[in-house]
4 protein chains.
Amino acid sequence: MTKVTEKILTKVISKRKSASHKGDYGRVLLIGGSENYGGAIIMATEGALKSGAGLVAVACHSINLNALHARDPEAMYIDWRSSDLAELVPKVDVIICGPGMGTNEFGKKILMMLCQKITSKQTLILDASALDLIATNHELIPQAAGLVILTPHQMEWQRVSQLRIPYQTDSANLSTLANLFPNKNGILVLKSNHTHIYNSNGNIYENTTGNPGMAVGGMGDTLAGVIGGFVAQFGSNIDSVLAAVYLHSLAGDIIAKRNYVVQPTKISALLPKLMKEFEEE
Amino acid sequence: MTKVTEKILTKVISKRKSASHKGDYGRVLLIGGSENYGGAIIMATEGALKSGAGLVAVACHSINLNALHARDPEAMYIDWRSSDLAELVPKVDVIICGPGMGTNEFGKKILMMLCQKITSKQTLILDASALDLIATNHELIPQAAGLVILTPHQMEWQRVSQLRIPYQTDSANLSTLANLFPNKNGILVLKSNHTHIYNSNGNIYENTTGNPGMAVGGMGDTLAGVIGGFVAQFGSNIDSVLAAVYLHSLAGDIIAKRNYVVQPTKISALLPKLMKEFEEE
Amino acid sequence: MTKVTEKILTKVISKRKSASHKGDYGRVLLIGGSENYGGAIIMATEGALKSGAGLVAVACHSINLNALHARDPEAMYIDWRSSDLAELVPKVDVIICGPGMGTNEFGKKILMMLCQKITSKQTLILDASALDLIATNHELIPQAAGLVILTPHQMEWQRVSQLRIPYQTDSANLSTLANLFPNKNGILVLKSNHTHIYNSNGNIYENTTGNPGMAVGGMGDTLAGVIGGFVAQFGSNIDSVLAAVYLHSLAGDIIAKRNYVVQPTKISALLPKLMKEFEEE
Amino acid sequence: MTKVTEKILTKVISKRKSASHKGDYGRVLLIGGSENYGGAIIMATEGALKSGAGLVAVACHSINLNALHARDPEAMYIDWRSSDLAELVPKVDVIICGPGMGTNEFGKKILMMLCQKITSKQTLILDASALDLIATNHELIPQAAGLVILTPHQMEWQRVSQLRIPYQTDSANLSTLANLFPNKNGILVLKSNHTHIYNSNGNIYENTTGNPGMAVGGMGDTLAGVIGGFVAQFGSNIDSVLAAVYLHSLAGDIIAKRNYVVQPTKISALLPKLMKEFEEE
């Protein structure tokens, strides 16, 4: 097991090249935000935007449009019931599916659409509701993606893996990951107070940042967005994931020095400044 | 009578344990926010969120959804006309009922639903419209709750207790509280420029913070939210209530040093920093 | 003519008494905000809220509800097409009518309703659209109000008074005011780069603050709100009006020291701090 | 070719005269913001407002109204499907058409309406969707405008000019501009990491500010708004355009010193302070 340290940030956060444009920093599509859980997709969106994704589109229930744009005019919007969604999927680099999506039939149809549309050039992050849906039926995992990143907390992982929390050992987790992803295109980010990250090569990483002030709703949604933003900019690989996980909790640690609780949206707001400090020269 | 001092903060605001998750910090459900008074439930929500409740859900009129999420994406939403509301009630730890709810037949039905659903494992805070409703009919008090906290200002308490303001003496208030709560599961937070707090054991406390710059609409809604957040995290007992009342007005005092009036939302915004200063080691 | 100086602030901004509550600081009702001009009533609302009015209600087109509460949850809302509006009028202390109201038949009906409902215990501020409406028909002025404050800029005053701008001399303005308000219950705030204020006693005042960075849309809406907030708290008299006019432009001057343009919402945001500095001891 | 330097700011940003009013700083109408791209028109609006335009109106899809006013109450709103839009056009000084407008039949009709209504007293800025529409049919360019400013990035310019990016040389761009604007009333702002500006007199300018942290969605929308604000205040000429382009990227450079990515809305927020520093005395 490898401990993730600050070094991952300078390794991953590359200095932007002068002759570059927004397309070079990736197109991220977020899918989620039902009538009840619009806040979740907004928080994930802010994670992607403020970590620097080039273009961010949000497919959600139409009821959430004004809250989204009141906070984040930088995000494009698409009604998740529109047929435009299936058309947009092939045009993006990273898809984050799940925050506030809900686990009903409609969410299932979205995963089935992704199973049909997604290609090996794309990275897929499955979070929250999407995890609960694949827990009921592993066939709903879009295996054709170049990389699938699962971001469950321990209870969600229990539902996906059928491993009860005390049995979520590194070896059990690794072998479950291997079973879930026969093409070796999976990464598991198992969130806890010591988040472990596993990839299909059998590597295990432990995050070393984070604090209990972060134990509030929306923290995971934000992390999914940050991972998406990092993969979009810095490549679809384990290092981008490790750096995103580390940075998200490092921001939380900085905020927690002066705050009893850490609001997820404050983490996102801190990212541009924090990333600058670790920019590789 | 006991004066509430700063000591209550260090006593109550416990340091969070490393191996904890958002469920450990309580699930709070707020019910209120009619078509006209959406702002009240938003301000109560911010009190609960920023004092650190683990999970916060808001049941309100659907018209308020976008304003809620534009300010507070951390809150989950539920249409208060949905049958999901009655299903959600048993799953939460704390219920705040009343801010901006309105006193019409619909509000009455919500209290009747709570009378049916609430259990002794749950804490209920009745504020604003909910107080006016129980004033018309004491049968609307959900007596089965483990603890019921009433948060009237003096005029609301007059309507509930039938005690005109000059007659709201400590002994009259205590005996009214005893009559209202034969099971001794009641706390009365009687808001004034010297807020008094009474519990069913006959104890009386006087808050020592607060200032007239706080005499603006929304201050009470915010306090209801902070009490909810404290009970959710620090236990359903008189100390949590005392600490919430003290902290809310302490925040107001700090803001009033440099501001002629104190906006309720600024009190909530100050809580994470202020709670950190009093965190018990 | 009297020059308005800083002294008016310490004279008017009284220290709040400890044993006071929000009702002591006045109930303000704002009427305006059509489908097209929702921003105007929001800016007026912020002027009233942040200058310290005890309770603020906004009657506007329902389409503006979420923007209002996303910015200002402290304000109560009422659909201006609801019959509740006419019922609310007698319960408030100050009415601000006009910002973004529009000059169509509906606006006219609102003024006619005010003509019927308003009493001598109430102060009425007519701004923007309301001025254009009374310009077409002076019978639309609700003469029964205890005090009517008109807040036109020079072009609006031309339409009300039939005085073209070069003819808007102090004497012409005073005599027009006398004609408009035979009961001597009128105040005219004639906005320009040197705003003049006239009352029915024949007094003339000139404001000495203000700068051209304030020449942007929304500045007048904000001023109407601040005047409303001051009258609600400090009494319905010329001094409250003078202090509000002076303070609004003083805030603009402070902002303009470091900003090329002055956003109206930044003026409102500065008021709590600025009022504290001039609080009478 | 002339390099644009800081001198353009002090040359253009004139000190406001004391005896001036909001009408002196121009009326700007923005047209854009479809159901999917409301954020784009909001960002353009903030560019116009915070650079100091006197009056700003936004014609967009009605679904975007609340997000617009939640952020920017200073802007007036008009439903872009209303017949009022065509009536408003002759009353404004500057029209910004395109941000988030969409390229469907409806957007085409808007351009056709502008072709009919616009006059030589008005300045027109065509951005984003409007550029893609004129790319399909050059007849859609409203030639009667006093000045037409095109603000394409290189890919948009390829579609308008039929010049593939490697062939977008200064001479090719100039001759294409001459062909597009036989009346010599065109300016081309060709956005890249070294933005070039061309006018119909054959002058070529190169901007010297900007950085790759600005390579995110919404940056161009913001620039269109700032150009509109500058033309509205400082005159419809090449210097206003150069100053707006320079200032927009200068703000980006200042933000990038401490931030890995530059949010477009933070650029707009910085403008009032930054313009003050370069105000001509």
Could you say whether any residue in the range B:18-35 is on the phi < 0 side of the Ramachandran plot, more than 14 Å from the chain's Cα centre (by Cα) and open to solvent by less than 10 Å² (accessible area, probe 1.4 Å)?
no
One residue is enough: does the range A:95-106 have a residue meeting the conditions at the interface with another protein chain (Cβ under 10 Å from one of its Cβ atoms) and among the hydrophobic types (A, V, I, L, M, F, W, C)?
no
One residue is enough: does the range D:251-261 have a residue meeting the conditions modelled with pLDDT of 95 or more, touching a Ser or Thr at 6+ places or on another chain (Cβ under 8 Å) and of a type in the set (S, T, N, Q)?
no
Which numbered condition trips up residue D:4, out of (1) open to solvent by 40 Å² or more (accessible area, probe 1.4 Å); (2) among the β-branched types (Val, Ile, Thr); (3) over 23 Å from residue A:77 (Cβ atoms)?
(1)
Considering (1) farther than 30 Å from residue C:278 by Cα; (2) buried (at least 24 other Cβ atoms within 10 Å of the Cβ), say which one residue B:280 fails and leave the rest.
(2)
Any hit, the range D:263-272, residues being modelled with pLDDT of 95 or more, under 16 Å from the mean Cα position of the chain (by Cα), within 24 Å of residue D:147 (Cβ to Cβ) and at the interface with another protein chain (Cβ under 9 Å from one of its Cβ atoms):
yes
What are the pairs, 6+ residues apart or on separate chains, where a residue within the range A:91-119 that is at positive phi has its Cβ under 6 Å from a residue that is open to solvent by less than 60 Å² (accessible area, probe 1.4 Å) and part of a helix (DSSP H, G or I)?
A:98/A:129; A:98/A:130; A:100/A:40; A:100/A:41; A:102/A:129
So how many residues does the range C:121-142 have that are touching a strand residue (DSSP E or B) at 6+ places or on another chain (Cβ under 9 Å) and of a type in the set (S, T, N, Q)?
3
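Is it the case, given these coordinates, that residue C:224 is open to solvent by less than 30 Å² (accessible area, probe 1.4 Å), in a helix (DSSP H, G or I), more than 23 Å from residue C:16 (Cβ to Cβ) and within 14 Å of chain D (Cβ to nearest Cβ)?
Values: open to solvent by less than 30 Å² (accessible area, probe 1.4 Å): yes; in a helix (DSSP H, G or I): yes; more than 23 Å from residue C:16 (Cβ to Cβ): yes; within 14 Å of chain D (Cβ to nearest Cβ): yes.
Answer is yes for this residue.
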Tell me which strands (runs of 3 or more DSSP E) are completely within the range D:1-81 and hold 3 or more residues being away from chain A (no Cβ under 14 Å) and touching a residue at least 24 places away in the same chain (Cβ under 8 Å), or say none if there are none.
D:2-4, D:27-31, D:55-60
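Looking only at the range A:252-264, which residues are part of a helix (DSSP H, G or I) and crowded, with 20+ Cβ neighbours inside 10 Å? So that I can check it myself, show each step before the final result.
Our first condition is that a residue be part of a helix (DSSP H, G or I); within the range A:252-264, this holds for A:252-256, A:264.
Hits for the range A:252-264 are A:252, A:255, A:256, A:264.
Condition test on residue B:93, is it open to solvent by 10 Å² or more (accessible area, probe 1.4 Å), closer than 25 Å to residue B:201 by Cα and at pLDDT 95 or above? If you could, list the steps in order and put the result at the bottom.
On the way: open to solvent by 10 Å² or more (accessible area, probe 1.4 Å): yes; closer than 25 Å to residue B:201 by Cα: yes; at pLDDT 95 or above: yes.
Here the answer is yes, as residue B:93 does meet what is asked.
Check whether at least one residue in the range D:157-170 is out of contact with any strand residue (DSSP E or B) (no Cβ under 8 Å at 6 or more places or on another chain), closer than 25 Å to residue D:133 by Cα and of a type in the set (Gly, Ala, Ser), and report yes or no.
Quick first cut of the range D:157-170, residues out of contact with any strand residue (DSSP E or B) (no Cβ under 8 Å at 6 or more places or on another chain) only: D:158-159, D:161-167, D:169.
With the extra rule that they be closer than 25 Å to residue D:133 by Cα, the set shrinks to D:158-159, D:161-167, D:169.
Retained after the next criterion (residues that are of a type in the set (Gly, Ala, Ser)): D:161.
Within the range D:157-170 (the criterion being out of contact with any strand residue (DSSP E or B) (no Cβ under 8 Å at 6 or more places or on another chain), closer than 25 Å to residue D:133 by Cα and of a type in the set (Gly, Ala, Ser)), the answer is yes, since at least one residue qualifies.
If you go through the range B:94-103 one residue at a time, do you hit one that is farther than 20 Å from residue B:37 by Cβ, assigned to a loop (DSSP other than H, G, I, E, B), touching a strand residue (DSSP E or B) at 6+ places or on another chain (Cβ under 7 Å) and of a type outside the set (Gly, Ala, Ser)?
The answer is no, given that none of the residues of the range B:94-103 is farther than 20 Å from residue B:37 by Cβ, assigned to a loop (DSSP other than H, G, I, E, B), touching a strand residue (DSSP E or B) at 6+ places or on another chain (Cβ under 7 Å) and of a type outside the set (Gly, Ala, Ser).
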Which one of the conditions (1) within 14 Å of chain A (Cβ to nearest Cβ); (2) out of contact with any Pro (no Cβ under 6 Å at 6 or more places or on another chain); (3) of a type in the set (A, V, I, L, M); (4) within 21 Å of residue D:94 (Cβ to Cβ) does residue D:232 fail to meet, given that it meets all the rest?
(1)
If only one of B:39, B:54, B:47 is out of contact with any Lys or Arg (no Cβ under 8 Å at 6 or more places or on another chain), more than 24 Å from residue C:63 (Cα to Cα) and open to solvent by less than 10 Å² (accessible area, probe 1.4 Å), which one is it?
B:47
Condition met for residue B:88 (open to solvent by 10 Å² or more (accessible area, probe 1.4 Å), within 12 Å of chain A (Cβ to nearest Cβ) and assigned to a helix (DSSP H, G or I))
yes
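The values are calculated or read from the model by the stated rules, or taken from the named source; none is laboratory data. Worth saying up front: this structure is predicted, and the values here are computed from it rather than measured. Please note: Cβ atoms are built from the backbone with ideal geometry, for glycine as well, and neighbour counts cover all protein chains shown. Surface accessibility is based on the protein's heavy atoms, side chains included, excluding ligands, DNA and RNA. Shrake-Rupley method; radii C 1.70, N 1.55, O 1.52, S 1.80 Å.
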